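*Asks:* What follows is a single structure, and I will ask about it in a moment.
No lab work stands behind these numbers, since they all come straight from the coordinates. For clarity, every value in this text was computed on a predicted model and none was experimentally measured. Here the Cβ positions follow ideal geometry from the backbone for every residue, glycine too, while neighbour counts run over all protein chains shown.
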Amino acid sequence: MIEWIVYYEDGASFTSDDGPPEKVPKEGVQVVAVADVGTGKLLWHSFDAYCWHKEGEWVPHSEIGLRRYLALSEEGKEPGIFIRGYAIPYRRFTAIYQQAVDDPRLPLKTANDPRELSLP
């Protein structure tokens, strides 16, 4: 069963079934979708980085949060696995976001979570 999907600027994706977090392509991330009991799926987007935490989940971070995560990984407290996102033209981004919303490989999105950023 797929637990998460990473979507890229070129429309490609990489899932938990494709490989472990350390094998995920590192650049061009637009959306990270995560299966979630309460909402069907969480859709993380518009962050500088997404870090794989020792609890076994992707967590979005700003550049400052990424620096803290990397410091913790140097101390052996986090695995040090991260992927990077950056902004692309809005129309292209919203098409990729909609791809994540509609993707049947994860449960149907049934609600929004207050931790998710909303689109304007």
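*Asks:* About its Cα centre, how strong a charge dipole does region 4-102 have in debye, to the nearest 20, once Lys and Arg get +1 and Asp and Glu get -1 at the Cβ?
*Replies:* About 220 debye.
*Asks:* How tilted is helix 63-74 with respect to the longest principal axis of the chain? Cα atoms for both, answer in degrees (0 to 90, nearest 10).
*Replies:* That works out to roughly 50 degrees.
*Asks:* Tell me the label-point distance for the pair A12, R84, using the 7 Å Cα-to-Cβ offset, in nm and rounded to one decimal.
*Replies:* About 1.7 nm separates the two model spin labels.
*Asks:* Hey, rough spin-label estimate for S118 and Q99, points 7 angstrom out along Cα→Cβ, what's it come to in nanometres?
*Replies:* 2.6
*Asks:* Rg to Rh ratio, the chain, alpha-carbon atoms and Kirkwood radius?
*Replies:* 0.94
*Asks:* Which of the lysines could a cross-linker span from K23 if the Cα-Cα distance has to be under 19 Å and same-chain partners fewer than 8 positions apart are dropped?
*Replies:* Output for K23: K54.
*Asks:* While we're looking at this one, here's another question. When the chain is fully extended, how far beyond the present Cα-Cα distance does R67 get from R92, taking 0.36 nm per residue of separation?
*Replies:* 6.1 nm
*Asks:* Putting +1 on Lys and Arg Cβ atoms and -1 on Asp and Glu Cβ atoms, find which of A87, V31, S73 reaches farthest to the positive end of the dipole of the chain.
*Replies:* A87
*Asks:* Rounded to the nearest 500, what is the chain's calculated 222 nm mean residue ellipticity when only DSSP H runs of at least 4 contribute -39500 (n - 2.57) each, over all residues?
*Replies:* -6500 deg cm²/dmol
*Asks:* Going by alpha carbons, how many degrees (0 to 90, nearest 10) lie between the helix axis of 90-102 and the longest principal axis of the chain?
*Replies:* 80
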